[in-house]
Amino acid sequence: MTRWVEKCAHRVTVLSRTAKVSVAVIADAIASAVLLACAHALIVGRGVNLEGSILWYLVAAGMLVGVLAAIGTYRTVFRFVSRRSLFMTGAGVGVALIAFAALNVALGPHGLSPETLVVFGAFMLLYVLGSRAFIRELLHYRCGEKERVIVYGAGEAGAQLVASLRAGGQYAPVAMVDRNPALHGRAVAGVNVYPPDALPSLIAEQKISSVLLAMPSSSRRERQIVLKSLEPYPVHVRTVPDISDIFAGHATVADVREVDPGDLLGRDPVPPDETLLGACISGKVVMVTGAGGSIGSELCRQIVRLAPRRLVLVEMSEPALYHVDRELQTLCARGGMSVEIVPLLGNAHHRHRVREIMEAFGVQTLYHAAAYKHVPIVEENIIEGIHNNVFSTWYLAEAALEARIETFVLISTDKAVNPTNVMGATKRLAELTLQALQERSTATRFCMVRFGNVLESSGSVVPLFREQIKRGGPVTVTHRDIIRYFMTIPEAAQLVLQAGAMGKGGDVFVLDMGEPLRIVDLARRMIHLMGLTVRDESNPDGDIEIVYTGLRPAEKLYEELLIGKNVTRTEHPMIMRAMEHRIPWVELEGRLAELLDALDQFDCARARDLLMRTVAEYRPESPIQDLVWAQAQAQKSAAEGANKVTELRTLRLRAARNSAVLPVAQ
């Protein structure tokens, strides 16, 4: 039966638009004549001919088709017939019946009886509305070509989502699930609502492939509970946008997307303090370095919403600068915000360039987000890593002092705490540099913000895992016990903005990020939520394998946020101020000069040794990994080896010649 219905629906679908309209017109005309005969026979009796002639049939058909055509019924796509369309069609039938009744009255005794007209009118109304609804449902019944889904959440968003899915051609909503007992057993938008414990049977019996979360106003913790409950089932879990994005006009309920990685954290985001957010921004000139990066671009998005007078974007990548500038211009235009956006190409370690920028545009607040942050890449490019992370910060800070910037905020990392890699050591040295420069500052407040891994940022594990899962695996995890602190990009940006308002000078701010997350657990959760299973010893027929590749050079099993335990609270309940040791500027300036000389000489060994002497906590766990250094050392060793071989050959030749010219013993 199901195949027959789907076959009929398919035949209707493949017809041309003209053919569909012709079929509808002919069907309505024939139906009106047949229904008129049925009504007359029902009232007068069987075998009674319609009085007059066949003209009555033609008049009934003509009036109905004419009125429906006049109100545009035949221009409507049957698959997308709405309640309003059905109402207008019903009104058209009423108009046709009134005209038919008026004609009948004009004919007097030769017309139809009133009873016949009433029955005919009821038949016509039922036919026209019922046929349209039937065709719509028939076309939507083609579930064999659609993805059968369950909508989790039977509220307003769920009802809107079901309506959107029915209007589309990709999904077929066959059931709804909600935790509210008052909705169980009821129908929302024509779909039955079930309790969560009915999920296993629904998924198996209805052959469900996906669950769509329609919970835009729920807290992250509530969504995380639902996600955990869905993990055991072989379904792909997707969600509608957050309610704030819907209200802001950035998305609609129909925009089904992958689950927000923030929902995987298991904690709600740290709520921002609105008074702190705008303290260093509203009405001021703000500058962001690394404006095209993951953190930098999110900082810019949030900054423009806080109404600065001017936002200066500094970025060394031309494509990244182009994209962030275009996005911000669009954001300001849509929101009616009169913020001057200034996109500038430049590198932060060009000291004179950045000073000219600050003075030319009157910068008051600066957020330094430009940095190299990928641990293995920085480990293999030590010289450039130190140049960009340390000396860019130093030169930018010196320029800020000369331009008398009010607030300078450095985006740091948890890898700066007890670092085992060059990236972490350089970020810690950047922190020490700003703290030391605070001694010389009379107008500028320097502060640093330290947080863990940022979800969805460039180089983070979430985009990597998602790409690997879509490719069919394997998903690569360095170690089964590796753990990390995580936060979302918007949350990180809000922390940075608030810290700038709380800084007194030389402060290091850290976020209370809750419990860290095991990377392998994150990988398993992402695999399950995409409707797949993990292939391992207990499940050899699973879809995606998790492969442990081993810790990379200089990578730690776990990260820390504090050096020592000396912390104090701040105005924000979830932000702490770390009280850590500093290096006086007189001492640090000499170390930086030595380090710069080592970089000029391309001496990686000396540069790393200076890092270790300056950053007391830095303890590298692997030999130097710099690729250029390693290649140069290999070539040097090869050259030395070749020289030794040449010298040995020369000595042997000399010895042979000497033995050849010696007199033969008598």
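Observations on the model:
- Expressed per residue, the C-alpha convex hull volume of region 306-441 stands at 118 Å³.
- GLU356 sits with roughly 110 Å² accessible to a 1.4 Å probe, with DNA, RNA and ligands left out of the calculation.
- Note on region 347-407: Cα-Cα pairs beyond 16 Å make up 45% of the total pair count.
- Area accessible to solvent at MET316, 1.4 Å probe radius, in Å²: 110 Å²
- Placed amide H near ASN192: partners under 5 Å, 5+ positions off or other chain: MET176
- Rounded to the nearest 10 Å², the accessible area of TYR372 at probe 1.4 Å: 90 Å²
- 10 °C / 1.306 mPa s Stokes-Einstein diffusion coefficient of region 418-534, Kirkwood radius on C-alpha pairs, µm²/s: 96 µm²/s
- Counted by Cβ distance under 12 Å from ALA593, the other residues give a net charge of -4, where Lys and Arg count +1 and Asp and Glu count -1.
- Filter on LYS415/LYS636; LYS373/LYS636; LYS373/LYS470; LYS228/LYS427; LYS207/LYS556 - keep pairs with C-alpha separation over 32 Å: LYS415/LYS636; LYS228/LYS427; LYS207/LYS556
- Accessible heavy-atom area order of LYS427, LYS284, highest first, probe of 1.4 Å: LYS284, LYS427
- Long-range HN-HN contacts of MET448 with modeled amide H, under 5 Å: LEU410, ASP507, VAL508, PHE509
- Euclidean distance of C-alpha centroids, region 378-423 and region 330-367, integer Å: 19 Å
- Heavy-atom SASA rank of ASP626, ASP603 (probe 1.4 Å, accessible area, largest first): ASP603, ASP626
- In sequence order, region 446-455 has phi-based couplings of 9, 8, 10, 10, 10, 9, x, 5, 10, 4 Hz under the Karplus curve 6.51 cos²θ - 1.76 cosθ + 1.60, θ = phi - 60°, and Gly or Pro positions carry x.
The values are calculated or read from the model by the stated rules, or taken from the named source; none is laboratory data. Bear in mind that the values here come from a model prediction, so they are computed numbers and not experimental data. Using ideal geometry, Cβ is built from the backbone for each residue, glycine included, and neighbour counts are taken over all protein chains shown. Ligands, DNA and RNA are excluded from the accessible area calculation, which covers all protein heavy atoms including side chains. Shrake-Rupley method; radii C 1.70, N 1.55, O 1.52, S 1.80 Å.
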